[in-house]
Amino acid sequence: MDAINWHTFFFLLFSLVACAFAIAVVLSSNIVRMAFYLILSLAATSGLFFLAGADFVGAMQLMIYVGGTLVLLIFGVMLTNQGPYTMLKSRGDSWLLGVVAGVGLLALLTYTALGVRDWMGPTEEQLAETQLAFAQPSATATPIGNALLGIRVDKLNGGNEPDAQQQVLQGGMSGYLLPFEIVSVHLLVVLIGAAHLARTKKRSDTRST
Amino acid sequence: MATQTGTAFADDPRIIEYDVRTDEMLINMGPQHPSTHGVLRLVLRTDGEIVSEAVPHIGYLHRCAEKIGENLAPRQFVPYTDRMDYLAGMNMNLGWALAVEKLMNLEIPEKAKHLRVIIAEMNRIASHLVGMGTYGLDLGSFSPFLYAFREREKILDLFEEACGARLTYSYLTVGGATHDLPATWLEKCEAFLDQLLPVITEYHTLLTTNAIFVRRAANIGVMSAATAIDFGCTGPVLRGSGVDQDLRRDGEQWYTEMYDGYAFEVIVEKDGHYPKDHEYPAIPKTAVLGDCWHRFYVRMLEVIQSIDLVRQAIDRYRTATGSHCVPVKLNQKLPKGEAYLETECPKGQMGFFIVSRGEAIPWRVRARSSCFSNLSVTHELCRGCLLADVPAIVGSLDIVMGEIDR
Amino acid sequence: MMQFLAQPVGAAHYLLVGAVLFVCGVICMTTKRNALGVLMGIELVLNGANVNFIAFSQPALRADRGLALGLDGQVVAIFVIVLAAAEAAVALAIVLNFYNNHGTVDVDEADELKG
Amino acid sequence: MSGQAFVDQLKKAFADGVVGANLEALDPWVEVTPEALIDVCRYLKNDAKLRFDMLNCITVVDYLETDPKKAAKAEFEPHLEVVYHLWSVPNKVSLVLKVKLPRWQNDEEGQLPELASVAGVWRTADWHEREVYDLSGVNFVGHPNLRRILCPEDWVGHPLRKDYEMPLEYHGIRGR
Amino acid sequence: MAEFFSTYLPSWLAQLVTGLIQCVILLHVPLVGAMFFVWVERKAAARIQDRLGPTRVGGMFGWLQLLADGLKLLTKEDLRPQEADAMLFRLAPYVGFCASFTVFLALPFSDGWVVQWLDVGVFFILAVLGLEVFGVILAGWASASKWSLFGAMREAAQVVSYEVPLGMCVVVPVMIAGTMDLVAIGRMQEGLFTNWFIFHDPFTFVIFFVYFTCGIASVNRAPFDLAEAESELVAGFHTEYSGFRWLIFYMAEYGSMFIVSGLAAILFFGGWNGPIPLADLLGLTDANGELAGYLGRFLGMLNFVFKSVLGVTVMIWVRWTVPRLRIDQVMTMCLKYCTPIAAVMFLGATLWTYTFPGGVTGLRGTPYGTVRGVSAQRVELSDLTPATEDAEGAAGEGSDNKPAEEHAGDVAAAAADGEAAAASTPSGPLSIATFASSRARSR
């Protein structure tokens, strides 16, 4: 028996969970169960992130996506969860449209994904190196933090000479400082906007109907 | 009952805005709910956490005691009064005995009167301790409940020694009491009182002045004096709203003569202060007269007041003359007439009404329950409060279902 | 099966997972009548995209190491997550607002902008 | 104010409404007609001097001798007596109001006698009148929510009536 | 451990066996821990309430009471309401428990004794701990009981809100340490107790109490146990549960309590480091051989467990003392008090660290005995280069993908925060200390 490649094993595990529950989301018509399946699917996806060495993104996925966004979503489900809306059956024509578009898209994406030889994984020679790369704990938090603050540690790989570093720094390498700021402002705007949208008018206006 | 959805809610000026339209929910709180003090059932109409209407449904413990009273001699009816406010059986016994004595125009000996004061005030302490403990429980604090029961156990031990029963005493009966107090009982009682007084201070620390407790009880369920009177609220509930009334001082001669010469002040707020016999914690700034905190506080102060009264009564009892009772025959004919007498029980004013047509068995017996009136105000107080406030408000009314349903 | 378990996986395999998530999201968006169901579809789509970004960011997953996105992939994935959160908040606010005014979450009935 | 002066004052205000008074009884009482009840109650509550602002209790006494032997000797015609116990918090004075009602409206068995509700005067009367309706069977006209309160809603009969008989069974539970 | 097995088994099987053993051991932490805490809770509550508590089962102190409780719960009927959503109702307890259990993967019990050494340990723990809410929400919804639904809604609102201040509190020690790696954070507090982060500056001292408050709130203990407030909601989200499923909820709750306390111990109280470096004084270090190092770590684990249990005991103490808050007060507490205080403390701690990089007292950062101290040097640009091939190689040589193994630990940690590990390179002229963490560990 061949040795089990544990990375592959866990990849298979997580991807099966993620895909199976994503399909369950599509097939279920009970909104609360959909939310539950979505949680499992996204949690498994975060497992894939961890597997691929993106620890920080994986933890972020768990915290913000699963722990924040989905709680919000479930909150919405509970607030609007009136008897008839729990089970809204989809229509036949939209099913047809969705499946046709989906299958076409899937075929296209599969073809594209499998089309590039280099994407199929490391070559035999690279195997040991790959094992090593996955074996060591990945340090992702600090580089990402630095990148968001404008310092691209990974771009400094080129050389250790002070001149080269200085050149890179002075060469306008701002990392992701600007997008980071934009996202911050964006979040603030969204926060205010969402609060304003969900905030309701005086009782008398809506209740009188 | 308002059948149309949300009428009570929409009309309430206190609720001007709401965030998300959620449909109103009818929730059944009780009769098997942990914090409804027995088999009370509250039907809550809620919008999210906000309660728009709380309708009490009672009668799960109804035994038609009044009908029973029409078929029994007054002395036989005493055990049934025990089962009304079963936390203060002695006070129920006393109220009934006094009403019958009023009808029979029966004068009881000096010694029996002081004995009655001792026993009735001791039972008031016991009842208030339970009220305090369960109120802590309603607000989520478990330990004070057990402390309160620990002290109450000692009172029950004393009662057991005096009459043999721990809950349904039938001790104070028509004509006095069934037995005299046993030897050394008074000493034990005094020792208990000495031990209880400092403990009360600890309860004040645990509950009365606890920051969370104050937040939960102060300015919740505020009831004005006018509302309290309008709804017939009595006892600590009435005094908590600042109405100066205590039947031990203001009642009929038949009752107040028991307390003649006793030094006590009615526990009611005057000018932002309660009468100070001991060092009491100050009234928190957020507390408003008539809120849950004040009702609770009045009870706490009444415990201390009762300790004082028992001490005075013990002194008088020691020097009193006469017997502990005058004999009343079981089939003694009642004089023709009607008598209504209210007494100040721990929960409020308990009244007994007897109509006699000259036979040994009364023609009609009526028990006016204090908790019955006190509970009827729930609907008014719970409007617009939060769900968590409902137990706080109902708990502050300190109800006993046995008395309400009779 | 055992044969596959012994082999290392590559970016393509991750891309396949991403594709399945993406397609499920798309189908979800088209078929669901509940507005929140549509929202869930969007989340799935964004997640499918994220899987791709992460897959491309890891050099060890592909033969041509140097061409990996590296940190960029991860940072973009983070932005996607953050923006998805923002999008969900706004969408939810809109859904709740719609529910307030119309008492339904059925998107088929949400046609008030129709000319 | 002495008892007699009070009764005189009341008689002056409600000439025909006040039908009787007994100041010698243990609890002195005043009897009023069913028609005058609500006005008298309003007066008693709102009068600046009297201020009977608390209603303690409403009782119905059923005067009916069920034993035919005793009934022959009874000194009363069968009737209901509604007794209101009032209390004045400021004056610390009590008062008993009585109203006589027929046992059945128009002497038709099963027709509950009617009386004006005082729930509008004292709000505590709401529950007390419900209890009286439930147990003694008096129909309070103008009551906002006259339902049984202690007995189950589908209970038959009014237990505190002298001629009440416990039902043989209630939802399969043996009664007698 | 994997090396030990790999001498007898093929390497993949050795890894499987190792992983399974670790999982089984770890599973016992929440399970046995929950049983132990139930007993502690019963005993503590009894003492607080002037009672004796369990005294009979198992002889002294009723220590087997918990087993009796468990057996009783196992034999109970597993009830399910007619209207309940069967699948979600059955699954919900396990969702909560899984979240609670998963957190233990990243929680170091001693120096390097952690199942999965994560660079983002703190972040991971917070994230997964937040997932426990799903068990409660689903249980509440699936029970088809209005009380349960109320509990679920309260829990959802409360936990999501409290994640904000909790995260901000955690960020302070993380910021001081400059890493989210829990093992690294623990190592930085070696030496005397003055090196503990709670004594780092006044702001961390304050923030610990905020953290503990928020921690109690996020694991739903009194006075924040609104989701199961028995006097209001009967039993909240687990009203309809009985027997084993109910037990699972409780295990999850006690597991979370342990995690929150454990996190507090690592972030503020030095983790496995005692108030005085006893293990170092006794010579129980890796320098004196593998066994000595093992014993030293074992001492550290006892230290850590003691601190965590102490935290749990405080939670129990609080629960049996104070009344419960109302839902709006809980929210006020979070949004008006905890969050702003945490924000201000974060700012203060940042300024403090920037102003006094080496601490105020001379004690901070000075080695004590053989203690590997924390030096407060500024990070130079060259430090920011990723770990060199040497470091990677060293990390890879002796270890498989279980860096928790002791001997690999040191080097692996060096690789973990690689930018600091390669501090030997001469610094470049451009200092960007303000951007980077002001504290780096040099070993």
Output ordering of E:65-76, B:300-311 (per-residue mean of other Cβ within 10 Å, highest first) is B:300-311, E:65-76
Give me the percent of Cα-Cα pairs in chain D that sit more than 27 Å apart, rounded to a whole number. 32
Can you give the Rg to Rh ratio of region E:81-355, both from alpha-carbon atoms, with Rh computed by the Kirkwood formula? 1.01
Could you tally the net charge around A:V25, taking each other residue with its Cβ under 15 Å from the Cβ of A:V25, Lys/Arg +1 and Asp/Glu -1? +2
Evaluate the charge dipole of region B:39-142 about its Cα centre and quote only its size in Debye, nearest 20, assuming +1 on the Cβ of each Lys and Arg and -1 on the Cβ of each Asp and Glu. 380
State whether region A:1-89 is rounded, prolate or oblate according to the following rule on the C-alpha gyration tensor (a ≥ b ≥ c being the square roots of its eigenvalues): a/c under 1.5 gives rounded; otherwise a/b larger than b/c gives prolate, and the remaining case gives oblate. oblate
When a/c is below 1.5 the answer is rounded, else prolate if a/b is larger than b/c, else oblate, so apply that to region D:1-65 with a ≥ b ≥ c taken from the square roots of the Cα gyration tensor eigenvalues. rounded
Most packed first (mean Cβ within 10 Å per residue), the peptides E:315-325, E:95-105, E:227-237 order as E:227-237, E:95-105, E:315-325
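Give me B:Y297, A:Y176 sorted ascending by neighbouring Cβ count inside 10 Å, so fewest comes first. List each step's numbers first, then the result.
Numbers: B:Y297 26, A:Y176 23.
Ordered from fewest to most neighbouring Cβ atoms within 10 Å, B:Y297, A:Y176 come out as A:Y176, B:Y297.
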Percentage relative contact order, region E:81-355, counting C-alpha pairs under 8 Å, at least six apart: 26
Return B:Y80, E:Y241 ranked ascending by Cβ neighbour count within 10 Å, so the fewest neighbours appear first. B:Y80, E:Y241
Sum up the charges of everything whose Cβ sits under 12 Å from the Cβ of E:G270, counting Lys and Arg as +1 and Asp and Glu as -1, but leave E:G270 out. 0
Efficiency of FRET from Cβ geometry, D:V19 and D:K162, R₀ 30 Å, rounded to 0.05: 0.80
Between rounded, prolate and oblate, where does region C:4-85 land on the alpha carbon gyration tensor, with a ≥ b ≥ c its root eigenvalues, rounded for a/c under 1.5, else prolate if a/b exceeds b/c? oblate
Give the separation of the Cα centroids, region E:221-236 to region B:42-118, in Å. 33
Would you mind ranking B:S369, D:S94 by Cβ crowding within 10 Å, fewest neighbours first? D:S94, B:S369
Working only with C-alpha atoms, what are the Rg and Dmax values of region D:117-176, expressed in angstrom? 13.0, 41
Let me confirm one metric for peptide E:125-131, namely the mean number of other chain beta-carbon atoms within 10 Å of its residues' beta-carbons. 6
Per principal axis, largest first, the Cα atoms of region E:254-317 extend in Å by 40, 20, 17
Computed over chain B, Kirkwood Rh from alpha-carbon pairs, angstrom: 21.8
To the nearest 10 degrees, how steep is helix D:125-136 against the longest Cα principal axis of chain D, on a 0 to 90 scale? 40
What average number of partner chain Cβ atoms lie no more than 10 Å from the Cβ of the residues making up A:15-25? 6
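Could you work out, residue by residue across A:98-109, how many beta carbons of other chains sit within 10 Å of that residue's beta carbon, and then give the average as an integer? Each step should come with its number before you reach the end.
On the way: counts 10, 4, 2, 5, 11, 2, 2, 5, 8, 2, 2, 9.
Whole-number average of other-chain Cβ neighbours for A:98-109 is 5.
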Protection-proxy order for peptides D:112-121, E:186-195, each taking the mean of Cβ atoms within 10 Å per residue, highest first: E:186-195, D:112-121
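According to the Kirkwood expression over distinct Cα-Cα pairs, how big is the hydrodynamic radius of region B:193-279, in Å? The partial results should precede the final answer.
Values: mean 1/r = 0.0654 Å⁻¹.
Hydrodynamic radius (Kirkwood, Cα pairs) of region B:193-279 is 15.3 Å.
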Most mobile of B:E265, B:E121, B:E110 in a GNM of chain B (Cα contacts under 10 Å): B:E265
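None of the figures in this text is laboratory data; all of them are computed from the coordinates on show. As the structure is a prediction and not an experimental result, all values here were calculated from the model. Cβ atoms come from the backbone with ideal geometry, glycine included; neighbour counts cover every protein chain shown.
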